[in-house]
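The values are calculated or read from the model by the stated rules, or taken from the named source; none is laboratory data. Just so we're clear, the structure is a prediction, and the values are computed from it rather than from any experiment. Positions of Cβ are generated from backbone atoms using ideal geometry, with glycine treated the same way; all protein chains shown enter the neighbour counts.
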Amino acid sequence: MKANLCKTRFSHTIIKNTSLTVAIITLSGTSISANSPQLNYTIQSTAVFSGTIQLPNNNPNFNQSTTRVSTDSSGAYYRNLGTATKPKLVLVYKSKYVKSAKNANGSISYFVDFKGIPVISLNAIISSPVLSGGCIKPYAYQGQVKGTHFQGVVQDEFNFVAAFYYGTVTDPKTHNKYTGLFKLYGYGPRYSDPNGGATPTVFDFKSDIPGGPTIKSLSVTNAPITNFNIQSATSPPSGVTNSCP
């Protein structure tokens with residue numbers, strides 16, 4: 001399912017509810033109760049997102065997180081697309097800000113430090129097998145940047161910090177269906193994983209210290225969120241309601 005900002009009509013009956021209560025839908029598609037309990041645990045699945053991520057114009061700076069990447073003496077980082085026994089090294093990034101440190105055994109290790117980058121998206125589309133119908137609910141990032149679809153942090157992995165979705169969620173374990181307002185969050189593969197380049201990392205924004213994020217925005221298509229979490233949005237940002245659009 002692709003959650004976006006278009007008007008969406010559900011194929012099953014949903015009891016209208018003006019509170020943030022999440023209604024449980026039976027497998028037959030009928031509502032158990034308008035006052036059924038909220039989703040009181042976290043549903044886990046996978047997702048992909050497409051759109052443009054960018055530095056927020058109200059605070060386009062580094063965050064406080066530092067990612068240290070081991071490199072060779074020239075500051076080059078290679079990702080292993082093979083196995084431990086049959087490596088296939090591919091150059092991913094080379095930095096002029098390489099540093100070194102002496103290890104306890106007397107050997108020298110080399111590394112590059114990267115600053116994490118806070119990002120937002122104003123046009124993201126999120127797709128997941130557990131989402132059906134509904135829409136992404138825009139909110140104001142830090143109470144200032146209106147129209148934000150999600151916020152995240154680019155570092156050694158892509159941290160998908162928060163998006164808000166109104167619609168139906170299906171628990172893949174129990175097959176129960178919940179309808180209401182949900183918070184979405186998770187993270188993508190690490191930079192060192194064989195598919196570590198599938199979602200943006202610090203390499204894409206060239207945030208090696210003491211440099212700055214020279215890339216201001218980046219377009220992505222079907223970037224994976226390998227750990228995708230859904231839970232009831234009990235304290236959504238101001239203006240985010242349980243309705244579409």
Fill in the blank from the handout: Checked the stretch 68-82 for anything within 13 Å of Tyr97 (Cβ to Cβ) and surrounded by 17 or more Cβ atoms within 10 Å (Cβ to Cβ); matches are Val69, Thr71, Gly75, Tyr77
Problem - Given (1) surrounded by 24 or more Cβ atoms within 10 Å (Cβ to Cβ); (2) free of Cβ contacts under 8 Å to residues at least 60 places away in the same chain, index of the condition Ile136 fails - result: (2)
Problem - Which numbered condition Gln142 misses (of (1) over 22 Å from the mean Cα position of the chain (by Cα); (2) surrounded by fewer than 17 Cβ atoms within 10 Å (Cβ to Cβ); (3) touching a residue at least 12 places away in the same chain (Cβ under 8 Å)) - result: (1)
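Each row is one residue, and each column tells you yes or no for (1) at pLDDT 95 or above; (2) surrounded by fewer than 17 Cβ atoms within 10 Å (Cβ to Cβ).
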residue	(1), (2)
Ser192	no, yes
Phe203	no, no
Ser207	no, no
Pro210	no, yes
Pro213	no, no
Ser217	no, yes
Pro224	yes, no
Phe228	yes, no
Thr241	no, yes
Practice task
Check the stretch 42-53 and report whether any residue there is in contact with a helix residue (DSSP H, G or I) (Cβ under 6 Å, 6 or more places away or on another chain), at pLDDT 90 or above and surrounded by 14 or more Cβ atoms within 10 Å (Cβ to Cβ).
Solution key: no
Handout entry: Filter pass, Val154 being in the same structural domain as Thr221 (by TED's automatic domain parsing), more than 20 Å from Asn242 (Cα to Cα) and touching a Phe, Trp or Tyr at 6+ places or on another chain (Cβ under 6 Å)
Key = yes
Practice task
Just need a number here: residues in the stretch 177-206 that are closer than 16 Å to Asn229 by Cα and not aromatic (Phe, Trp, Tyr).
Solution key: 9
Problem - From the options Ile14, Ile24, residue that is part of a loop (DSSP other than H, G, I, E, B) and either modelled with pLDDT under 90 or aliphatic (A, V, I, L, M) (or both) - result: Ile14
Practice task
Enumerate the pairs (first residue in the stretch 150-174 and within 29 Å of Asn63 (Cβ to Cβ); second residue anywhere and of a type in the set (D, E, K, R) and surrounded by 24 or more Cβ atoms within 10 Å (Cβ to Cβ)) with beta-carbon separation below 8 Å, excluding pairs fewer than 6 apart on the same chain, so at least 6 apart or on different chains.
Solution key: Phe164/Lys137; Tyr165/Lys137; Tyr166/Lys137
Problem - Selection count where residues are among the β-branched types (Val, Ile, Thr), surrounded by fewer than 22 Cβ atoms within 10 Å (Cβ to Cβ) and part of a strand (DSSP E or B), scope the stretch 153-183 - result: 3
Practice task
Could you look through the stretch 86-124, keep only residues that are closer than 21 Å to Ser207 by Cα and among the β-branched types (Val, Ile, Thr), and pick out the one that is surrounded by the fewest Cβ atoms within 10 Å (Cβ to Cβ)?
Solution key: Val90
Exercise for the section: Determine whether Asn63 is in contact with a Pro (Cβ under 6 Å, 6 or more places away or on another chain), on the phi < 0 side of the Ramachandran plot and not in a strand (DSSP E or B). Expected result: yes
